[in-house]
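This report concerns only the one structure given below.
The values are calculated or read from the model by the stated rules, or taken from the named source; none is laboratory data. Every value quoted in this text rests on a predicted model; they were computed, and no experiment measured them. Positions of Cβ are generated from backbone atoms using ideal geometry, with glycine treated the same way; all protein chains shown enter the neighbour counts. Ligands, DNA and RNA are excluded from the accessible area calculation, which covers all protein heavy atoms including side chains. Shrake-Rupley method; radii C 1.70, N 1.55, O 1.52, S 1.80 Å.
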Amino acid sequence: MLKNTKLYLFVILCALSIPYISKAETHVYSDDIQPNWTWDMEGSPYILETTIHIPDDFSLLIKEGVEVSSAPNEYGDIYSISVSGILDVVGTKDSPVKFTGMDSIYFSSSNSSIKNAVFQDTGLEFDNSTSTIESVSIKGAFEAITAEASRVDVIDSTLSGNSYGIASYVKDTGPIFQVMAGSNIG
């Protein structure tokens, strides 16, 4: 009986000595917008409770390892990010920024940069914008990258499992360039 008690106490002490790891969670609403906003690992994951808009003269910096997703809701709405200001995503190769289930992120008259990020079921839409996309993976979107009257530089990135990889439009006329799923550009 004494052996069992000692063993029981030993197991409890071992369990208590293991560091408790907790993960923060930040729910984001449209009223939370700040002029120079930064999302970092301490607040990750960031869960969008509404679609948020980054207006002109505002910026959002998303740092390495951050996860961003749309909150589930009873109406089936998908929340996302709309950018007229600046969005800078600065993941690293070992700790990319991850976006999931947001349909698409919309850029309008924006100048943004996305580096080392993974987009799952989330595409990128550019309208009259300039952006650099580097070391990015986009999977499961309808259109991975859509550009209308925009300049988008895509460097060392992978687009796979999307209905369309890249669709480029001239304002009010229709597509001028599309890459469909299964296409390889060498």
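Once the Cα-Cα distance is subtracted from the 0.36 nm per residue extended length, the THR26 to ASP94 segment shows a gain of 22.2 nm. The fraction of accessible area contributed by carbon and sulfur in segment 99-161 is 41 percent, rounded to a whole number (1.4 Å probe; ligands and nucleic acids excluded). Using 0.36 nm per residue and subtracting the Cα-Cα separation, the extra length available between GLN120 and SER163 on full extension is 14.2 nm. Each label was represented as a point 7 Å from its Cα along the Cα-to-Cβ direction; for ALA149 and GLU134 these points are 2.9 nm apart. Classify segment 42-182: rounded, prolate or oblate, from the alpha-carbon gyration tensor (a ≥ b ≥ c, eigenvalue square roots; a/c under 1.5 rounded; otherwise prolate if a/b is larger than b/c)? Judged from the Cα gyration tensor, segment 42-182 comes out rounded (a/c under 1.5).
Taking amide H as placed 1.01 Å from N in the peptide plane, VAL68 has its amide H under 5 Å from the amide H of TYR46, LYS98, PHE99, THR100, each at least 5 places away in sequence or on another chain. Counting only protein heavy atoms and a 1.4 Å probe, segment 49-136 has 43 square angstrom of accessible area per residue.
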